[in-house]
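Asks: The structure under discussion is supplied below as structure tokens; questions concerning it will follow.
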Amino acid sequence: MSIYFTKTFQRSFGTYPLRGDELTATLKTAVDIGYRSIDTAQMYQNESDVGDAIAALRMPREELLVTTKVHPDNFGEDKFLASVEQSLRDLKLDYADVLLVHWPPLAKKYGLARHIGVSNYTARMMRDAASICDEPLVTNQVEFHPLLDQSILLDAAAKTGIPLSSYCSVARGEVFKYPIVGEIGAVYGKSPGQIVLRWILQQGVAINTMSTKPENIRANFDIMDFVLSHVDMAQLSKMCATNFRIVGIDKVPWAPDWD
Ligand SMILES: NC(=O)c1ccc[n+]([C@@H]2O[C@H](COP(=O)([O-])OP(=O)(O)OC[C@H]3O[C@@H](n4cnc5c(N)ncnc54)[C@H](OP(=O)(O)O)[C@@H]3O)[C@@H](O)[C@H]2O)c1
């Protein structure tokens, strides 16, 4: 894993649920602001639109990190590679930089992915994956925000060497209902969103964010010029007791029994 990869992957721009012209315009804004890592998935049904938006950027391929994820319906060995090839046709790319989920070693072997990882894995699954897979797994992308206790996964990340990355990083706006976030933000001269993202990053967790608003896209990227104190980190961590999960079994039938 190169330093460019590690630094760029720290702040990824999520594309769900964006489509069409809105996706093209929003991605252009994100790239102008500085994002170089883009997150999509077969499940979002927008890979083709993401491909169009990337083509419109007219950027050298090697400057972008593109992550996509194999749909659970395609996990079978008979479907897996064909689905990745279809993703790449839709994305209009020769390879994905990061391919997430279950059987990714196969795709890496065939040159379709530069890095492999998983998403929505529990701690036990992380341990199993680390012991089975002889390729490094560059991430386990999971729901991660201050309203959800993910300490078991953080512990598994430290023990397995599979770093976490976040989705629903601002809990789709739910975190902003808690005044403490704004109060800490006032101390640092930062917005509540920036405080939340910094709290995630300071735990060694890479960030995925999605916004359609240029001011939010910029704020979510501008989080490298301050450091939260231990006291403020601990204050924010107390919110984890809320245990508010967005992507649960009620929304995703194939969700595992979360830790
Ligand atoms: N692996 C998985 O299973 C999985 C699951 C879900 C999502 N994801 C990925 O993670 C990405 C992000 O997750 P998400 O979009 O579900 O949740 P999110 O980032 O927590 O929430 C996005 C929402 O928060 C708002 N927002 C973003 N930044 C803000 C800020 N600084 N201040 C105020 N509001 C802000 C946005 O509204 P505005 O547009 O109004 O700014 C948007 O509606 C997705 O796009 C997708 O790529 C992965």
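The values are calculated or read from the model by the stated rules, or taken from the named source; none is laboratory data. As the structure is a computational prediction, the values presented were derived from the model and not from experiment. We place every Cβ from the backbone using ideal geometry, glycine too, and count neighbours over all the protein chains shown. Side chains are part of the model used for accessible areas, which takes the heavy atoms of the whole protein and leaves out ligands, DNA and RNA. Shrake-Rupley method; radii C 1.70, N 1.55, O 1.52, S 1.80 Å.
Asks: Given a Förster distance of 30 angstrom, what is the FRET efficiency for S237 paired with R58, based on the Cβ-Cβ distance and rounded to 0.05?
Replies: Working from the Cβ atoms, E equals 0.10.
Asks: Scan around L137 for amide H atoms under 5 Å from its own, H built in the peptide plane at 1.01 Å from N, and keep only partners 5 or more places away or cross-chain.
Replies: Amide H to amide H, under 5 Å and 5 or more residues apart or across chains, L137 pairs with nothing.
Asks: For L27, what is the net charge nearby, where nearby means another residue's Cβ is under 12 Å from its Cβ and Lys, Arg count +1, Asp, Glu -1?
Replies: -3
Asks: Calculate log10 I(q)/I(0) of region 1-150 for q = 0.11, 0.18 Å⁻¹, where I(q) comes from the Debye formula with a single equal point scatterer on each Cα and nothing for solvent.
Replies: Computed log10 I(q)/I(0) values: -0.41, -1.10.
Asks: Another question about this same structure. Work out how much length D78 to D250 would gain on full extension: take 0.36 nm times their residue separation and subtract the Cα-Cα distance, in nm to one decimal.
Replies: 59.0 nm
Asks: Per residue, how much accessible area does region 220-259 show when a 1.4 Å probe rolls over the protein heavy atoms, in square angstrom?
Replies: 63 Å²
Asks: Can I ask one more? For region 67-202, what's the radius of gyration and Dmax over Cα atoms, in angstrom?
Replies: In Å, with Rg to one decimal and Dmax whole: 17.4, 55.
Asks: Let me ask something additional. Considering the zone a paramagnetic label at A158 would reach in this model (a point 7 Å from Cα along the Cα-to-Cβ line), which residues of region 203-228 have amide N under 20 Å from it?
Replies: 203-207, 228
Asks: Give me the 1.4 Å probe accessible area per residue for region 92-198, excluding ligands and nucleic acids, in Å².
Replies: Values: 4550 Å² over 107 residues.
That works out to 42 Å² for each residue.
Asks: Go through region 135-145 residue by residue and turn each phi into a ³J(HN,Hα) via Karplus (6.51, -1.76, 1.60, θ = phi - 60°); whole Hz please, and just put x for glycine and proline.
Replies: 9, x, 9, 7, 6, 10, 7, 9, 5, 8, 7
Asks: For region 60-66, in order, what is each residue's ³J(HN,Hα) by Karplus, 6.51 cos²θ - 1.76 cosθ + 1.60 with θ = phi - 60°, in whole Hz (x at glycine and Pro)?
Replies: Karplus values, whole Hz, x for Gly and Pro: x, 3, 5, 7, 9, 10, 10.
Asks: Given all pairs of different Cα atoms, what value in angstroms does the Kirkwood hydrodynamic radius of the chain take?
Replies: Roughly 18.6 Å, rounded to one decimal.
Asks: Tell me, rounded to the nearest percent, the portion of alpha carbon pairs in region 36-100 spaced more than 13 Å apart.
Replies: 59 percent
Asks: Using 0.36 nm per residue, how much length does the chain from R218 to Y110 gain when fully extended, once their Cα-Cα distance is taken away?
Replies: Stretched out fully, the R218 to Y110 stretch lengthens by 35.2 nm.
Asks: Then there is this: Can you run phi through the Karplus equation (6.51, -1.76, 1.60; θ = phi - 60°) for region 9-15 and list ³J(HN,Hα) in whole Hz, with x for Gly and Pro?
Replies: Here the 3J(HN,Hα) series is 5, 4, 10, 9, 9, x, 10 Hz.
Asks: Right, next: Where in the chain are the DSSP H helices whose C-alpha atoms run 27 Å or more along the long axis and whose mean Kyte hydropathy is at least 0.5? Please report the intermediate quantities before stating the final value.
Replies: On the way: long enough: none.
The qualifying helices: there are none.
Asks: Ok, one more. Which net charge results when you count Lys and Arg as +1 and Asp and Glu as -1 among the other residues whose beta-carbon is under 11 Å from that of D90? Each step should come with its number before you reach the end.
Replies: Values: positive: R89, K92; negative: E47, D49, D52, E85.
After counting each charged neighbour, the total is -2.
Asks: Would you pull out the residues with amide H under 5 Å of S12's amide H, same chain only if 5 or more places away, H placed 1.01 Å from N?
Replies: Placed amide hydrogens put I207, N208, T209 under 5 Å from S12.
Asks: Mind listing the long-range amide H neighbours of A96? Cut-off is under 5 Å, sequence gap 5 or more, other chains count too, H placed in the peptide plane at 1.01 Å from N.
Replies: For A96, the qualifying residues are A113, R114.
Asks: How big is Rg to Rh over region 151-255, alpha-carbon atoms, Rh as the Kirkwood inverse-mean-distance radius? If you can, show how the numbers build up before the last one.
Replies: Working: Rg = 14.2 Å, Rh = 14.7 Å.
That ratio equals 0.96.
Asks: Among the lysines, which have Cα under 27 Å from the Cα of K79 when same-chain residues fewer than 8 positions away are ignored?
Replies: Result set, ordered by chain and number: K69, K92, K108, K109, K251.
Asks: Please list, in order, the residues from region 139-156 whose amide nitrogen is less than 17 Å from a point placed 7 Å along the Cα→Cβ vector of S131.
Replies: 156
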